[in-house]
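One structure is given here, and the rest of the page talks about it.
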Amino acid sequence: MTGFWEAVWFAVSVTVPSILLLVFGVALRRSGQVDAHFCMQASKLVFNYGLPCLLFVNLFGSEIHYGEQILLLLAGAAATLVLFFGAELYAWRFVPAARDKGVFVQGVFRSNLGIMGLAFVLNAYGSEGLAAGAVYTGVITILFNVLAVITLSRSGGSVWEKLRLVGWKIVTNPLIVAIVLALGMQALHIGVPKPLLQTANYVGNISLPLALICAGATFDARSMLKMSDISLQASIGRLLVAPLVAVATGLAFGLSGVPMGVLYLMSATPVAAASYVMARAMGGNDVAAANITGITTFGAMFSAAAGIVVLRSLGLM
């Protein structure tokens, strides 16, 4: 029984800080202390500077266990592909409208790695987990973008042209650039002056709290009430099916401890905020995409905590 309550406390310590920051963002927005313009500008600051600095500092100063990382990345890629093809098959059979199919598929396989995933991992494992989560974020984000372009291209246009455009976005993505730079400099034993590294550390430390506050401030509770068949089905896939597939895949690859925890926590998150932007830009059902974001942002806090209790009780993370 002691083990169960220890697992419950671990789940609380992982999820509650993120929940409180989201609630803080909601309170700031309702009291008029922040507005949509502030959140938009702050989100750009986080994406372009805060998160890259956070990832660079943690990777540059960490000992990377490449053997464990390769297994984790292979498991993450395999789980993503299983979810993608499974969702495609389900959409082909049960989702009639073409502009809904891609939104449904993206809602199932595409998790929020850069904000919620990293926040969960940091709360659970500290800098050790964050280093693993950073590499995972960089590699799997590339896979997410390619698969998203493929599934959203039903609405017309050349898939190859869209892949070329997303390829350019990938190589200029600040998060990916920061990860590649940190790993390259570490491998070549290139040093960074301590004042610069400390400055990057200061900038990085503001990124996750600010991102979560903005996510709370922009959260639209009304979307919870607009549970169309597509948004509800995709949300179930994201909140329940995706974590189960990730755990099963992790077990198949022999993961346990921190690697299994990182894989689960990265999968037990809401749908990525970028899914709405991409769906709207590529002619998908952006209303359903927004609804999926709202439903999963609220629901992930409970489903993730429940999964953490189970996995922690079993000694898997």
Fill in: Meets criteria (out of contact with any His (no Cβ under 9 Å at 6 or more places or on another chain), assigned to a helix (DSSP H, G or I) and open to solvent by 30 Å² or more (accessible area, probe 1.4 Å)) for Leu73
yes
Worksheet, complete the sentence: In the range 23-46, anything assigned to a helix (DSSP H, G or I) and either among the hydroxyl-bearing types (Ser, Thr, Tyr) or closer than 23 Å to Gln186 by Cβ (or both) is listed as Ser43
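Residues are listed down the side, and each one gets a yes or a no for (1) buried (at least 18 other Cβ atoms within 10 Å of the Cβ); (2) free of Cβ contacts under 8 Å to residues at least 60 places away in the same chain; (3) acidic (Asp, Glu):
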{"residue": "Phe84", "(1), (2), (3)": "yes, no, no"}
{"residue": "Ala87", "(1), (2), (3)": "yes, no, no"}
{"residue": "Ala97", "(1), (2), (3)": "no, no, no"}
{"residue": "Asp100", "(1), (2), (3)": "yes, no, yes"}
{"residue": "Phe104", "(1), (2), (3)": "yes, no, no"}
{"residue": "Gly114", "(1), (2), (3)": "yes, no, no"}
{"residue": "Ala124", "(1), (2), (3)": "yes, no, no"}
{"residue": "Leu130", "(1), (2), (3)": "yes, no, no"}
Item to complete: Please list, ordered by first then second residue, the pairs with beta carbon atoms under 8 Å, 6 or more apart or interchain, first in the range 294-317 and at negative phi and buried (at least 21 other Cβ atoms within 10 Å of the Cβ), second modelled with pLDDT under 95 and acidic (Asp, Glu).
Response: Gly294/Asp220; Arg312/Glu6
Fill in: Checking Ile236 against (1) part of a helix (DSSP H, G or I); (2) open to solvent by 20 Å² or more (accessible area, probe 1.4 Å); (3) over 20 Å from Val82 (Cβ atoms), the condition it does not meet
(3)
Practice prompt. Return yes or no: is Leu118 touching a Leu at 6+ places or on another chain (Cβ under 7 Å), touching a residue at least 12 places away in the same chain (Cβ under 8 Å) and open to solvent by 50 Å² or more (accessible area, probe 1.4 Å)?
Written response: no
Discussion item. Of the conditions (1) closer than 30 Å to Leu316 by Cα; (2) of a type in the set (D, E, K, R); (3) modelled with pLDDT of 90 or more, Arg93 satisfies every one except a single condition; which number is it?
Written reply: (1)
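The values are calculated or read from the model by the stated rules, or taken from the named source; none is laboratory data. Predicted, not measured: the structure shown is a model, and the values here were computed from it. Reconstructed Cβ throughout: ideal geometry from the backbone, glycine too, with neighbour counts over all protein chains shown. Calculation scope for accessible area: heavy atoms of the full protein, side chains included, ligands and nucleic acids excluded. Shrake-Rupley method; radii C 1.70, N 1.55, O 1.52, S 1.80 Å.
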